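None of the figures in this text is laboratory data; all of them are computed from the coordinates on show. Here the structure is a predicted model, which means the values were calculated and not measured. Neighbour counts run over all protein chains shown; Cβ positions are idealised from the backbone, glycine included.
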Amino acid sequence: MPSFADLGLALPILNALTTQGYTEPTPIQAQAIPHVMLGRDLQGIAQTGTGKTAAFALPILHRLLVDKKPAPRRGCRVLVLSPTRELASQIAESFRDYGRQTGLRTTLMYGGVPKGRQSKAVAGGIDILVATPGRLMDHMQDGAVALNGVEVLVLDEADHMLDLGFIVPIRKIVQSIPPARQTLFFSATMPKEISALAGQMLRNPVHVAVTPVATTVERVEQKVIFVEASRKRQLLADILRSSKMTRTLVFTRTKHGADRVTQHLEAAGQPAAAIHGDKSQPQRERALQMFKQGRIGVLVATDIAARGIDVDGVTHVVNFDLPNVPEAYVHRIGRTARAGQTGIAISFCDSSERAHLRGIEKLIRTRLSVEEPRDLAA
């Protein structure tokens, strides 16, 4: 495996990586960075936790640093589209960390906060803009953002964009960007619609895949408990008393369900917080920060957070409700066993969810281990 220095990255970027303790690229980084630095379009299949943000952020920073020039007014040189606010924030944070010594500027655009500060940030031009499609469209319609100066376009988590209904806005955004651009397209899975979209956007792309499509993280031990819906909340409170479950992410299917689970846990003496689309941005950031800092041991989330939560040391993922889209299961359990660690995923399955379980097991090509509640609560 080459080192980052072997990849030819500029010294300020290498210094930033050294400061953060990074010496060797992950497989997706080692495969993607050389092609991106050559200006090639790229289609990457990589699950969350593989280091794909650095796979596009590092060569993009290198490109901008080598070819320094003013960003266009009301525009940007690099546009990164992300499906959720949380993921957009983490991508922007990565660009800032890696580019700390470059003088390059990154800004964010997402919903849930006033638009004025965002439009002001790009008024004079910005090097890197990380945005969710809906909020970017709002700014474009207001005339606050123009994309005719975009040199590099990145679509991250493209399959999740499809799930959230962003394909039409993405097509409109892409139509506003010059065709003479570099396009980097990343997705954890490659359904037909996403493959078709990639085919329309990319020119003679390099294909990079570091894991088979929809393969679950190998270091995650996966279990299922058969339990009726009426008993799920009490069962969750019981197993969370285990000393092994120090940092647990719980997924529900609905926003209302997330709030009800959180209320039940707090009433049972288990500090918890909920994060979902009806929460304000400050509420979501506060809950995530409390979880990261260990002030609460349980974060209850809907699938909007499945790919946007990047927290080290998540010991367990609990699927309180099984997702009705099998691919979502892969993304949920990918929140644990990150950075070389191991993790445990526990799924609750009631009689109405048996079909969802069969769909998940068919997708991941394995049967989940059936557990008794008392074994997990030990």
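Here are the numbers for this structure:
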{"item": "Global form of region 220-376, assessed from the alpha-carbon gyration tensor, a/c cut-off 1.5", "result": "rounded"}
{"item": "Per DSSP, loop GluC sites (Glu not before Pro) in region 158-267 with at most 16 further Cβ within 10 Å", "result": "Glu218, Glu228"}
{"item": "Selection from Met140, Pro205, Pro2 lying farthest towards where the dipole of the chain points positive, charges on Cβ", "result": "Met140"}
{"item": "Ranked list, fewest to most other Cβ atoms within 10 Å of each Cβ, for Phe251, Phe226", "result": "Phe226, Phe251"}
{"item": "Net length gained if the chain between Gln175 and Arg203 were fully extended (0.36 nm per residue, minus Cα distance)", "result": "8.6 nm"}
{"item": "Residues Gln20 and Arg117, FRET efficiency given R0 of 22 Å [Cβ-Cβ distance, rounded to 0.05]", "result": "0.20"}
{"item": "Rg [Å, one decimal], Dmax [Å, integer] - region 5-209, C-alpha atoms", "result": "15.7, 45"}
{"item": "Contact order normalised by residue count of the chain, Cα under 8 Å, 6+ apart, percent", "result": "18"}
{"item": "Percent of Cα-Cα distances greater than 26 Å, calculated over region 1-112", "result": "15"}
{"item": "Difference of contour (0.36 nm per residue) and Cα-Cα distance, Asp142 to Gln293", "result": "50.5 nm"}
{"item": "For the chain: lysine pairs under 19 Å (alpha-carbon distance), excluding those fewer than 8 apart on one chain", "result": "9"}
{"item": "Exposure proxy order (Cβ contacts within 10 Å, fewest to most) of Leu153, Leu363", "result": "Leu363, Leu153"}
{"item": "Region 220-376: relative contact order in percent, alpha carbon pairs under 8 Å with at least 6 residues between", "result": "35"}
{"item": "At R0 = 45 Å, FRET efficiency that the Cβ-Cβ distance of Leu11 and Glu371 yields, to 0.05", "result": "0.30"}
{"item": "Charge dipole magnitude, Cβ of K and R +1, D and E -1 - the chain, Cα centre, debye nearest 20", "result": "720"}
{"item": "Residue order, fewest to most surrounding Cβ atoms within 10 angstrom, among Val154, Val36", "result": "Val154, Val36"}
{"item": "Cα gyration tensor shape for the chain, rounded if a/c is under 1.5, else prolate or oblate", "result": "prolate"}
{"item": "Fully extended contour minus Cα-Cα distance, from His256 to Ala355, at 0.36 nm per residue", "result": "33.4 nm"}
{"item": "Charge dipole (region 220-376, unit charges on Cβ, about Cα centre) - positive-most of Thr262, Leu236, Ala355", "result": "Thr262"}
